[in-house]
Amino acid sequence: MDQDELFRNYLQGKLSPSDKSLLEKLLEENPRYQAELELFRKTWKTPESSGSRVKSILISIVIALIIVAAGVFLFYTFALPQGPKLFSAYYEPYPVDRLISQSQNPKLKQGLEAYQAQRFDQATSIFEQLLAQSESDQVLFHLGLSHLASGRPEKAIPIFSLISKESPYSASIAWYKALGYLQMNKIDEAKAQLKIASSAKGEFSNKATELLDKLK
């Protein structure tokens with residue numbers, strides 16, 4: 001939702017309790033937002049003249065720049081459902097530095113470097129080419145990661161499911177599948193994967209336990 005809609009819903013009591021709490025915290029910490037809200041409170045019910053409309057646009061631009069500097073993430077996640085909010089809070093790309101330094105396959109190394117540089121579509125294309133040549137858990141895992149990072153959890157999750165349970169990536173798969181389900185706001189499916197990740201005692205077990213507590 002945009003700024004005017006956010007303020008309007010706040011004044012009309014239409015925000016959810018969590019969104020209202022977040023906005024009030026933002027207002028408390030940023031006096032400029034308070035001033036902008038007061039200006040909106042005085043003018044939103046009355047038609048704007050051309051001159052005041054221009055002034056309002058200029059003020060909105062200034063406020064937008066302030067928001068970027070002060071905390072754009074907090075402001076723009078008000079309207080997100082619980083799953084995507086938690087995904088944004090917990091998702092981090094899988095570290096591939098060691099794999100890059102150890103890789104003897106130039107094509108695989110190229111895909112890993114593209115993934116590390118957050119060129120996820122390029123990485124996806126490279127991993128798909130490698131997969132067409134020879135299927136491996138390593139390629140499947142990083143192809144799934146690339147889809148997830150590109151906002152395609154519906155493609156990432158089935159790919160993760162193809163990876164062998166004996167794979168060295170098995171402890172990480174449940175964590176990233178859980179994040180994929182959160183991205184799609186499928187809370188029950190995410191909980192099931194988080195329980196697996198939590199009990200696996202892998203590198204993401206503590207985060208999985210913490211995230212499960214937030215979903216209770």
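Yes/no matrix, rows are residues, columns are (1) closer than 21 Å to Ser88 by Cβ; (2) free of Cβ contacts under 8 Å to residues at least 24 places away in the same chain; (3) surrounded by fewer than 23 Cβ atoms within 10 Å (Cβ to Cβ):
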site	(1), (2), (3)
His142	no, no, no
Gly151	yes, no, yes
Ser167	no, no, yes
Ala178	yes, no, no
Lys186	yes, no, yes
Lys214	yes, no, yes
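Looking only at segment 187-216, how many residues end up being acidic (Asp, Glu) and part of a loop (DSSP other than H, G, I, E, B)? Adding up the residues that qualify gives 1. Looking only at segment 1-28, residues that are acidic (Asp, Glu), assigned to a helix (DSSP H, G or I) and either in contact (Cβ under 8 Å) with a residue 12 or more places away in the chain or under 20 Å from Ser60 (Cβ atoms) (or both) come to 3 in all.
Considering segment 113-126, the residues that are under 21 Å from the mean Cα position of the chain (by Cα) and among the hydrophobic types (A, V, I, L, M, F, W, C) include one that is surrounded by the most Cβ atoms within 10 Å (Cβ to Cβ), namely Ala123.
Throughout, read-outs are computed from the coordinates displayed, never taken from laboratory work. None of these values were measured; they are calculated from a predicted model. So basically every Cβ, Gly included, is an ideal-geometry build from the backbone, and we count neighbours across all protein chains shown.
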